[in-house]
1. Solvent-accessible area per residue for the chain at a 1.4 Å probe radius, Å²?
2. Using only alpha carbons, build the gyration tensor for the stretch 17-72 and give me the equivalent ellipsoid semi-axes, biggest first, whole Å.
3. What percentage of the solvent-accessible surface of the stretch 1-44, computed with a 1.4 Å probe over protein heavy atoms, is contributed by carbon and sulfur atoms?
4. Using every Cα-Cα pair within the chain, state what percent have a distance larger than 29 Å.
5. Give me the dipole magnitude in Debye, nearest 20, for the chain about the Cα centre, with unit charges on the beta carbon: positive for Lys and Arg, negative for Asp and Glu.
6. With +1 assigned to the C-beta of every Lys and Arg and -1 to the C-beta of every Asp and Glu, and no other charges, what is the dipole magnitude of the stretch 1-81 about the Cα centre in debye, to the nearest 20?
7. How big is the Kirkwood radius of the stretch 1-103, worked out from every pair of different alpha carbons and given in Å to one decimal?
8. From Cα pairs below 8 angstrom and at least 6 apart in sequence, can you work out the relative contact order of the chain, rounded to a whole percent?
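The values are calculated or read from the model by the stated rules, or taken from the named source; none is laboratory data. If you're wondering where the values come from, they're calculated on a predicted model, not measured in any experiment. Cβ coordinates were reconstructed from backbone atoms using ideal geometry, including for glycine residues, and neighbour counts include every protein chain displayed. Please note that ligands, DNA and RNA were not included when accessible areas were found on the heavy atoms of the full protein model with its side chains. Shrake-Rupley method; radii C 1.70, N 1.55, O 1.52, S 1.80 Å.
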Amino acid sequence: MIRDATVLDSAGRALRLGALLEGPTLVIFLRHWGCVECSLLLTALGPRLEEIASLGVRVVMVGLGSVAGITKFTARYRLSGSQVIVVTDPTLRAHEAAGLKKSLWGVGGPQANWTIASNWLQGHPNSLGDGDIWQLGGAVLLDRGGAEVWRHDNARLGDLAPHTRIVDEVLRMRALEARWTT
């Protein structure tokens, strides 16, 4: 269960992930800190993060690289001072608890090479090093009671949930919650 996983904040303090998942929360499971997929997702989703927060939905990003990588990552994507919480779990237990897969074929081979090359040409670099490059990411949306209402598990490199779909699911969840409380 992802709530029981231990993550580290930018100061290296261990936190129970569940402590960060109070109320409606979008959890984005990142790959390594230099991942082309993460660059692509955050370039598209970044401008919408404020909108998601204004809807009362917390955004928690769980990386799998070093604690030092958090600071570089948040600076690169201008998340410093934002309402986004970025933590890491180099042990990969949080990703495992979420049911996300590691896959040599999912991040290698012709499809992955095409994804890396085409995104690189669009200005989204892929750098190796800080984190497990074989781990796939995903996204999970939790309602105010902590129940999972939507998820996307990346099956391979490039299989991201479109940022528009993520925002649509947040809007759908909040509309349903509003309907139940009136």
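1. Values: 8930 Å² over 182 residues.
Solvent-accessible surface per residue comes out at 49 Å².
2. Numbers: eigenvalues 81, 48, 14 Å².
They are 20, 16, 8 Å, listed from largest to smallest.
3. Accessible surface attributable to carbon and sulfur in the stretch 1-44 totals 55 percent.
4. Values: 2500 of 16471 pairs.
Roughly 15 percent, once rounded to a whole number.
5. Working: 19 positive and 17 negative charges, 18 e Å.
Value, rounded to 20: 80 debye.
6. In debye, rounded to 20, the stretch 1-81 gives about 180.
7. About 13.7 Å, per the Kirkwood formula over Cα pairs.
8. 29
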